[in-house]
Amino acid sequence: MTNDKIIGIDIDDTLNYSSEVIKEYILKYGNNYSDDNYLIKNIDKIMRGLNFDGVISLFFNDYCEEMASQMKVKESAKEVIDRLKEDGYKIYFITARSNKFYKNAYEFCNNYLNKNKIYFDKLIVGQNHKLNVCQNENILLMIDDSIDTCERLKDNGIDSLVFNSQINSEKDTYCDRVDNWLEVYNYIKEKELEKEKILLLDKN
Ligand SMILES: [Mg+2]
């Protein structure tokens, strides 16, 4: 065990706006991939990453990197991450992005983060199921738009925060959720206060 306070952060739809760009590309190019508008009909499923069958994987092979390079970092994400670093947290990006559709997912994400001046201590790619990696890396809090991921972490004693996006907002969860990065910062500060209170109570 280390004393490092490590915050895990997902990239797609957490650090940046992803599904908006994917949707735009599917609407633009989707009908080149099948006669029956398969991609457009399954747009929600595709944005949730639930299904990567033949046609979908052809589409991602062609456009994955182009789409990803256009994704905009969410408001205040950079400022909040810088602030967390100043507050003594370590920042790990943990993403499902992998070499399946990226030529080199690590290099791509590394460049993207640097280009957008996003601070981080570690970048871990190819992680579809984030429980193991969060356990191994001793993650204190994972911020992710995937409700399944957040619930699995919480069920296993790792704090998690659901970042609301256009594709998860209608789904219910027992996890805490936030709409923006300022709320992420407030959540972390509130948790610190709670911990201090518990420490004080223990002392008395
Ligand atoms: Mg995501």
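The values are calculated or read from the model by the stated rules, or taken from the named source; none is laboratory data. As the structure is a prediction and not an experimental result, all values here were calculated from the model. Cβ atoms come from the backbone with ideal geometry, glycine included; neighbour counts cover every protein chain shown.
The set of residues from segment 21-42 being surrounded by fewer than 18 Cβ atoms within 10 Å (Cβ to Cβ) and closer than 30 Å to Lys115 by Cα comprises Glu24, Leu27, Lys28, Tyr29.
Would you confirm whether any residue within segment 37-59 is within 16 Å of the ligand (Cβ to nearest atom) and part of a strand (DSSP E or B)? There is no residue in segment 37-59 that is within 16 Å of the ligand (Cβ to nearest atom) and part of a strand (DSSP E or B). Got a sec? Which of Ile158, Ile188, Ile139 is of a type in the set (Val, Ile, Thr), within 16 Å of the ligand (Cβ to nearest atom), at pLDDT 95 or above and surrounded by 14 or more Cβ atoms within 10 Å (Cβ to Cβ)? Among Ile158, Ile188, Ile139, only Ile139 is of a type in the set (Val, Ile, Thr), within 16 Å of the ligand (Cβ to nearest atom), at pLDDT 95 or above and surrounded by 14 or more Cβ atoms within 10 Å (Cβ to Cβ).
Which one of Ile94, Ile81, Ile9, Ile46 is of a type in the set (Val, Ile, Thr) and over 15 Å from the mean Cα position of the chain (by Cα)?
None of the other options fit; the residue is Ile46.
Exactly one residue out of Lys85, Lys122 is exposed (fewer than 14 other Cβ atoms within 10 Å of the Cβ), in the same structural domain as Leu193 (by TED's automatic domain parsing), more than 16 Å from the ligand (Cβ to nearest atom) and of a type outside the set (A, V, I, L, M, F, W, C), and it is Lys122. For residues that are in contact with a strand residue (DSSP E or B) (Cβ under 8 Å, 6 or more places away or on another chain) and charged (D, E, K, R), scanning just segment 147-178, find the one that is nearest to Gly49 (Cα to Cα). So the residue we want is Glu151. Count of segment 1-24 residues, restricted to those that are modelled with pLDDT under 95 and polar (S, T, N, Q), is 4.
Ile167 satisfies every condition listed in (1) hydrophobic (A, V, I, L, M, F, W, C); (2) surrounded by fewer than 18 Cβ atoms within 10 Å (Cβ to Cβ); (3) at pLDDT below 90 except (2). Checking each residue in segment 127-136 for being surrounded by fewer than 18 Cβ atoms within 10 Å (Cβ to Cβ), within 15 Å of the ligand (Cβ to nearest atom) and among the polar types (S, T, N, Q) picks out only Asn128.
I'd like the full set of residues that are assigned to a strand (DSSP E or B) and away from the ligand (no atom under 16 Å from the Cβ), limited to segment 1-36.
Passing the criteria: Lys5, Ile6.
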